[in-house]
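Undergrad: My questions all concern the structure below.
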Amino acid sequence: MPPPLAWSWRLSEATPAQRANYRLTGTGQGVHWPDIDEDISVEGMLHGTPAPRPTSPVRGKKLLSRPTPTSATKRRQSINAGR
């Protein structure tokens, strides 16, 4: 069962091929899309928690670029820490 595209701005902006390339994380606690560096946990899906779009520290503007790999790595580590 795929998550609604509205839950993830990265998934909603991705191509169908990018969305089709995914991997389960840990022992199935989440899904990772490597082409767009997106992670969604099963817990988040069950709670209906959408992924927030990052904002710029200046006047709350939406960022156009993707977050750095470091922040994505931290998200993955926090998902995997729940194992």
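Undergrad: Mind checking the full-extension length gain between GLN29 and THR55? Use 0.36 nm per residue of separation minus the Cα-Cα distance, one decimal, nm. Can you show the working numbers first?
TA: Working: separation 26, 0.36 × 26 = 9.36 nm, distance 2.68 nm.
Stretched fully, the GLN29-THR55 segment lengthens by 6.7 nm.
Undergrad: Just order 9-22, 31-44 by mean Cβ neighbour count inside 10 Å, highest at the front, would you? List each step's numbers first, then the result.
TA: Details: 9-22: 14.4, 31-44: 18.3.
Ranking, from highest mean packing down: 31-44, 9-22.
Here, each number is a calculation from the coordinates, and none is a lab measurement. Since the structure is predicted, the reported quantities are computational estimates derived from the model, not experimental observations. Every residue, glycine as well, gets a Cβ built from its backbone with ideal geometry; the counts of neighbours run over all protein chains shown.
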